[in-house]
There are 4 protein chains.
Amino acid sequence: MSSTPQSPRAARAPRAKVPDTTRRSARSRAAILDASMELVGEVGYSRLTIEAIAARAGVGKQTIYRWWPSKAAVLLDALTAVVDDDGYAAALPDTGDLAADLKEVLRATVDEFTDAAFEAPYRALAIASAADAQLAAQFNERLQEPGLAVYAARLRAAQRAGQIDADLDVGLAVEMLLGPFQQRWLARSGPLTYEFTDRLVEMCLRAFTPRGTP
Amino acid sequence: MSSTPQSPRAARAPRAKVPDTTRRSARSRAAILDASMELVGEVGYSRLTIEAIAARAGVGKQTIYRWWPSKAAVLLDALTAVVDDDGYAAALPDTGDLAADLKEVLRATVDEFTDAAFEAPYRALAIASAADAQLAAQFNERLQEPGLAVYAARLRAAQRAGQIDADLDVGLAVEMLLGPFQQRWLARSGPLTYEFTDRLVEMCLRAFTPRGTP
Amino acid sequence: MSSTPQSPRAARAPRAKVPDTTRRSARSRAAILDASMELVGEVGYSRLTIEAIAARAGVGKQTIYRWWPSKAAVLLDALTAVVDDDGYAAALPDTGDLAADLKEVLRATVDEFTDAAFEAPYRALAIASAADAQLAAQFNERLQEPGLAVYAARLRAAQRAGQIDADLDVGLAVEMLLGPFQQRWLARSGPLTYEFTDRLVEMCLRAFTPRGTP
Amino acid sequence: MSSTPQSPRAARAPRAKVPDTTRRSARSRAAILDASMELVGEVGYSRLTIEAIAARAGVGKQTIYRWWPSKAAVLLDALTAVVDDDGYAAALPDTGDLAADLKEVLRATVDEFTDAAFEAPYRALAIASAADAQLAAQFNERLQEPGLAVYAARLRAAQRAGQIDADLDVGLAVEMLLGPFQQRWLARSGPLTYEFTDRLVEMCLRAFTPRGTP
DNA sequence: ATTTAAGCGAGACGGTACGTCGTGTCTTTAT
DNA sequence: ATAAAGACACGACGTACCGTCTCGCTTAAAT
């Protein structure tokens, strides 16, 4: 991805493949990211083309090929930029009521995945990741895992508060909370409703909490 | 003389464009399905082309376009044929030990999704479904839901045996068992191991079983 | 061409390629010829297709392929039928005034070649003949030469009347009268006007008549 | 950002779609013209395909479609290039003997039209011109008329020398000399022999020369 | 008076070529 | 050296026809 930091010196290697980042046009970069977000919303991932991005961005094709290896990589940068700008919720709320907190956040996530402007590029990246392991690694690292981490943090807080099992595998717990949700979304195997997420939270908490608890 | 005379029979065909299924070549159909399965395994979905399928099958391209709307639709038929031939496990084993039964089947599923011959077309369809709602409906109905149904049946048997809550939402329960699995697989967010599925089953059963149970 | 007479017995040859003429459907034949004449006028020769002829004629494609080797052969039969029906002018007028007679007939020919209904199939055949020597032989024999023959007859009458050289090569003379005309028409190298044909006749007659004549 | 900035220069190009001629690859152009000449000789016009030209030339199909509207247009450029390179006979010989000069040139033309390397593309263009008025205009202007002009020049010289009528319509005269020839060639209505052209010249000269001359 | 067996309408089939679109590379011209 | 522009070789697209090949079906001839 283009985010790999490149010192100017790196370009001095005998046959430099990587262009000189310091000379990069910020204006072009922004135009490309904007155009790709717009277009993926308009036509969908499969009909998204690099030519169209370049044309919409008023940019030469080579400028895209120089800095990104694929249209998915462009989208990854574009969505990362948006998410980082919007200031990723660094933490889940912690009202002390774990169930309420999880339900609230999952309801917000339902809203997010119902918003076409966000959904389109996110789905595009999920699709591209499913097809390309290398992209998947980047996608998971840069967009998915930060999201999961805040769930994990909240669960660990609940562990410390004794609300859930101390020896609970937090990673697995997060997968149980989000896996069914993402599956419904990506495979369109069911509607994304508050009722679904609420009941999913309730069911999961039954698994997370000590058996004796009523 | 040039006016097309319409026999009553011809007039009964209300919609034009639809080819005559009775004249369809079974040989060609089989060759196309075989070729598409082979090729998706060899080159992956994104490099799978209808031209290559036609060439491999020894068939004209039009014969594919006549009967299928997309390469994904071909794969859906191909995989459906394979699954139906192999005799879908109509039911999960029922040894009385729900945890053991679920673990066994999920372990088998791990094996299945580790087998490239099965994985490639299945992933291809999952990708295509993520990109195309219409295909997704077909994919879910014809391949996913039959698979889920056997889990649901086993859970309902366990309900009758009093092993899990009588008022458990079986559909949701199945999503909890398979969602995290499929998510790991499709998004490559983690390894598909027996350990993972075993622990997933254990966690889920804690959610499914009556709270009082130790 | 389909005009080759075939006795029923010929079909008894070990591997009969030639279908049984006696069973041929006159209705289909007529519909095909009509349709081909219509279509060549509507879309031109290069866009004329056998499928379209069959569809317009309400006939199976095989019925065309059974009886004709090419779409040009169909047109040749079609135009022959029309020309024969219209009763080919068996002879040029002979008023005694050769120049006037030739001018009149050439003016009529100008009219004919300006009529789209006649021009389109005729041009189609001329084009097909230019590309296919075998068709050319048929076209010349069945459509061109009968036309030329009437000119030759008229010139021979003029020879007998002493109006043109007795040792004139009548065949060449006919070519001189019609070659420039057909060339203009086919190559579109100039307009087909009465003035052109009148002056062509006058020039040719200077070549045909005895030198002493003023 | 996505609005396409238009430099004044770019705005001066009134019509879109037209590719930039200055960037055209001379190498590709030459390869395409060569390949089309070769192929039309090998397989004939009707079996000449743009795909085959592109393949033989080592060129993408789009490079042909970008610069030429049809395979006939390619051939027109190809033949024009050959003819211009070979240095079109700028003038007929003028030995003072008009008959001899015309016979000599027509005999040379017979040779030319008997040479397959020249005949094939020329016939191809004649066929395409017969089918397409727009191409015909180009063909006549760029290949036919320059050829006719040299005949016209020679006839005008003869006029000045008093050998043929001063008021002879030179254009018509040229059509009389070449029309029967081209007709025989294109329609294959007779053999192209020296005897034919010699007698054609003699006949025409009888029409061109003053009546009193023996 | 049936039985053949042909022609027939219909259209699926294996192919070829079409003309278009997008890819990723390369070259030109202009900052 | 990067950028806009876009020509290029390539490959796949989805379509249109080709000419062949079954399918019932009518229909005329030969049983």
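Computed from the coordinates by the stated procedures, all read-outs in this text should not be read as laboratory data. Computed from a predicted model, the values in this text were never measured in an experiment. With ideal geometry, Cβ positions are generated from the backbone for all residues, glycine too; neighbour counts draw on all protein chains shown.
Details
- Considering helices alone, the calculated mean residue ellipticity of chain C at 222 nm is -20500 deg cm²/dmol, with DSSP H runs of length four and up weighted by -39500 (n - 2.57) and normalised per residue.
- Highest-MSF residue in chain C out of C:V18, C:V170, C:V110 [GNM, Cα springs under 10 Å]: C:V18
- Using only side-chain charges placed at the Cβ, +1 for Lys and Arg and -1 for Asp and Glu, the dipole size of the range D:78-128 relative to its Cα centre rounds to 240 debye.
- Within chain B, helices built from complete DSSP H runs that reach 20 Å or longer along their own axis (Cα positions) and carry a mean Kyte-Doolittle hydropathy of -1.0 or higher are B:26-43, B:71-85, B:98-114, B:116-131, B:145-160, B:170-187, B:194-208.
- Range of Cα positions in the range A:8-84 per principal axis (Å), largest first: 42, 26, 19
- With label points defined 7 Å past Cα in the direction of Cβ, position B:Q62 shows copy-to-copy spacings of 1.6, 2.7, 4.4 nm, given to one decimal and shortest first.
- Evaluated over the range C:88-208, the Cα radius of gyration and Dmax, each in Å: 14.5, 41
- The length gained by stretching the chain between A:R23 and A:I50 to full extension, at 0.36 nm per residue less their Cα-Cα distance, is 7.5 nm.
- Placing a label point 7 Å from Cα along the Cα-to-Cβ axis, C:E145 is separated from the same position in the other copies by 3.8, 7.5, 8.9 nm, shortest listed first.
- Between the C-alpha center of the range D:168-196 and that of the range A:179-214 there is a gap of 91 Å.
- Cβ-defined net charge surrounding A:E104, 15 Å radius [Lys, Arg +1; Asp, Glu -1]: -4
- With its label point put 7 Å out from Cα toward Cβ, B:D34 sits 4.5, 4.9, 5.6 nm from the same residue's point in the other copies, in order from shortest.
- Violating pairs (Cα-Cα greater than 20 angstrom) within the set C:K61/D:K71; B:K17/B:K61; B:K17/C:K61: C:K61/D:K71
- Chain lengthening between B:D94 and B:A133 when straightened (0.36 nm per residue, less Cα-Cα): 10.5 nm
- Positive minus negative residues near B:F113 (Lys, Arg vs Asp, Glu; Cβ under 14 Å): 0
- Cα gyration tensor shape of the range A:41-127, rounded if a/c is under 1.5, else prolate or oblate by comparing a/b with b/c: prolate
- Where chain A is rotated onto chain C, the residue of A whose Cβ comes nearest the axis, and that gap in whole Å, is A:R47, 16.
- Net charge dipole, the range D:163-214: roughly 220 debye, given to the nearest 20, about the Cα centre with Cβ charges of +1 for Lys and Arg and -1 for Asp and Glu.
- If R0 is 51 Å, the Cβ-Cβ spacing of C:Y65 and C:E202 corresponds to a FRET efficiency of close to 0.55.
- If the Kirkwood radius is taken over C-alpha pairs of chain B, then at 4 °C and 1.567 mPa s the Stokes-Einstein diffusion coefficient equals 65 µm²/s.
- Top positive-direction residue, dipole computed over the range D:20-84 with Cβ charges, set D:S36, D:T49, D:T22: D:T22
- Just so you know, the Cα atoms of the protein assembly as shown work out to an Rg and Dmax of 40.9, 136 Å.
- Neighbourhood charge, 12 Å Cβ-Cβ cut-off, centred on D:E51 and excluding it, Lys, Arg +1 and Asp, Glu -1: +4
- The dipole here belongs to the protein assembly as shown: it is taken about the Cα centre, uses +1 on the Cβ of Lys and Arg and -1 on the Cβ of Asp and Glu, and is about 360 debye.
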